[in-house]
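Participant: Submitted below is the structure of interest, expressed as C-alpha cells.
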Amino acid sequence: MTTNDSIQVSVLGLGAMGSALAGALVKTGYATTVWNRSPGKADDLVAQGAKVAATAGDAVRAGQLVIVCLLDHASVHEVLDPLSNELAGRTLINVTTTSPAQSRELAAWVAHAGGAYLDGGIMAVPHMIGRPEASILYSGSADVFHQYKPLLDLWGTSTYFGEDAGLASLYDLALLAGMYVMFAGFLHGAAMVAPAGVTAGEFATMATPWLTAMTGAFQGFAAVIDGGDYTVEGQQSLEFSDLGDLLAASSAQGISTEVVAMVQRLIQRQIDAGHGEEGFARIIESIKQAT
Ligand code: NDP
C-alpha cells in the first residue's frame, strides 16, 4: 500500500476528465505533475499545488505512477510512442476510453517497454469524480490495482475485474450499450407523444419513475439466463410480449418504428424458432447469434 506523501504521480491530459482526476489528487496532497498538449489548462491545478511539465517526457520522468487521460487510443500512442524508453520501472494507469482490443494492445506494449499497466473505464462525468457514485472499472495488473487502490478510491468506487486488461473496457462498453438503447427507448416514447402536444419534459416526468422501476426486472432476467431455463413459471412469455400495438401506434403517430421494430425482430426470431411460450429473457439468444 502506498501513501500520498510517498508517491510522485503524473497526469497526462487535462481535458474535462483529466483535470477532475488531477484535481482530486492535488486536493488530497499527492505530489502531482501535470501535462497537457495545449498550454493554459494547468493554471488552476498549479494554483492548488500541482507542478506543470513542459513536455510529456518531463511529466513521465517526474512520476513513478503515470495517469493517462487523453482523447482516445490513437492520441495515447501519439504521446507515449516517443517515450517508450522512459517507461521501464514505471506504472501506467490509462483511463482513456479504449476498446478491449486496444486496452490489451497497450498493456502488451507497456509490458514490452518494461512498465506495469492497469486499464480503467470511467463510468462517471467529471463533476462526479471524488464521489462514491463515480464508478471506475479496472483490469490489468492486480499488483498495481492493490498497490494504488487508496489513490484510485479518491476518484470514486473502484472495481477490479482481473488480469485481462481488456475486461474493464468490455464492461464499460457493455454498460454504455445498455444506456444508449435505454436512451433511444425513452426518446422513442417522447417522439410518440409529441404529436399529441406532450412536451419531452412532461414525458420525462412520467418515464423516469417508470423506467427506474423497470430496472428491477434485470435480476429476474439474469436468474433465468444464468439458470439456463427459459420455461421457468411466472415469466411474461414472448408471445404475450408481441410489440405489434407499439409499432402500429408509432406508425399512426407518423414516427419511425426503428427502435421498437429492433426489439420486435429479436422477439420474433425466438417465436419463429418455436419458443413463443418461453420467457422474455430468451431474446438474449437472438442477440448472442451474430446475424
Ligand atoms: P476532452 O475532450 O475534454 O479532453 C481531451 C484531452 O485529450 C485533452 O487534454 C486534449 O489535449 C488531449 N488530446 C487529444 N488529442 C491529443 C493528441 N493527439 N495528443 C495529445 N493530447 C491530445 O476529453 P475528456 O477529458 O472529457 O475525456 C478524456 C477521456 O476520458 C476520453 O477517453 C473520454 O472518453 C474519457 N471519459 C470522459 C468522460 C466525460 O464525461 N468527460 C466520461 C468517461 C470517460 P488538448 O487540450 O491539447 O486538446
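Participant: Report the relative contact order of the chain, percent, no decimals, based on alpha-carbon pairs under 8 angstrom and at least 6 residues apart.
Facilitator: 12
Participant: Let me ask another. Please list 3J(HN,Hα) in residue order for the range 286-291, calculated via the Karplus relation 6.51 cos²θ - 1.76 cosθ + 1.60 where θ = phi - 60°; whole Hz, with x for glycine and proline.
Facilitator: Going residue by residue, I get 5, 5, 5, 9, 4, 9 Hz, with x marking Gly and Pro.
Participant: Can you compute 3J(HN,Hα) from phi for each residue in the range 35-42, using the Karplus curve 6.51 cos²θ - 1.76 cosθ + 1.60 with θ = phi - 60°, rounded to whole Hz and x for Gly and Pro?
Facilitator: 9, 9, 4, 8, x, x, 7, 8
Participant: Around Val11, which amide H atoms from residues at least 5 apart in sequence, or from another chain, sit under 5 Å from its own amide H, with H modelled in the peptide plane?
Facilitator: Sorted by chain and number, the residues that satisfy this are Thr33, Val34, Trp35, Ile67.
Participant: Determine, from the Cβ-Cβ distance of Ala142 and Gln64 and an R0 of 22 Å, the FRET efficiency 1/(1 + (r/R0)^6), rounded to the nearest 0.05.
Facilitator: In this case the efficiency is close to 0.75.
Participant: Now for a separate question. How high is the FRET efficiency from Asp153 to Arg265, r the C-beta distance, R0 35 Å, rounded to 0.05?
Facilitator: Taking R0 as 35 Å, the efficiency between Asp153 and Arg265 is 0.20.
Participant: Want the number for Gln253 to Leu175: 0.36 nm per residue separation, take away the alpha-carbon distance, what's left?
Facilitator: 25.0 nm
Participant: Do me a favour and compute the ellipsoid semi-axes for the chain from its Cα gyration tensor, root of five times each eigenvalue, largest one first, whole Å.
Facilitator: Semi-axes (√(5λ), whole Å): 45, 22, 17.
Participant: Would you please state which residues of the range 132-149 a label at Thr28 would reach in this model, taking the label point 7 Å out along Cα→Cβ and a backbone N cut-off of under 11 Å?
Facilitator: Output list for this probe position: 148-149.
Participant: Just to confirm the number: angle between the C-alpha axis of helix 258-272 and the first principal axis of the chain, 0 to 90 degrees, nearest 10?
Facilitator: Between helix and principal axis, roughly 60 degrees.
Participant: Taking the 0 to 90 degree range and rounding to the nearest ten, how far is the long axis of helix 100-112 tilted relative to the main principal axis of the chain, both from C-alpha atoms?
Facilitator: Once rounded, the angle reads 20 degrees.
Participant: Okay, helix-only estimate at 222 nm for the chain: each DSSP H run of n ≥ 4 adds -39500 (n - 2.57), divide by all residues, round to 500 deg cm²/dmol; what do you get?
Facilitator: Values: 13 runs with 138 residues, N = 291.
Dividing the helical sum by the residues of the chain leaves -14000 deg cm²/dmol.
Participant: Now a separate question. Please check: in the Gaussian network model of the chain (C-alpha springs, under 10 Å), which one of Ala124, Ala50, Ala194 has the largest mean-square fluctuation.
Facilitator: Maximum fluctuation in the GNM of the chain, among the listed residues, is at Ala194.
Participant: Taking Lys41 as the anchor, which lysines have their alpha carbon closer than 16 Å to its alpha carbon, excluding any fewer than eight residues away along the same chain?
Facilitator: Counting by Cα, and skipping residues close in sequence, Lys41 has these lysines nearby: Lys51.
Participant: Here's another thing I want to ask about it. Calculate how steeply helix 200-214 sits against the longest principal axis of the alpha-carbon atoms of the chain, using the helix alpha-carbon long axis, and give the answer as 0 to 90 degrees to the nearest 10.
Facilitator: Roughly 90 degrees, rounded to the nearest 10.
Participant: Still on this structure, please answer the following. Kindly state, to the nearest 0.05, the FRET efficiency for Leu187 paired with Ile284, given R0 = 22 Å and r defined as their beta-carbon distance.
Facilitator: So the FRET efficiency works out to roughly 0.40.
Participant: Still on this structure, please answer the following. Spin-label point model (7 Å from Cα, Cβ direction): what's the Leu211 to Glu239 distance in nm?
Facilitator: Here the modelled spin labels are 3.2 nm apart.
Laboratory data are not the source of any read-out in this text; all were calculated from the coordinates shown. These numbers come from a predicted model, not from an experiment. Cβ coordinates were reconstructed from backbone atoms using ideal geometry, including for glycine residues, and neighbour counts include every protein chain displayed.
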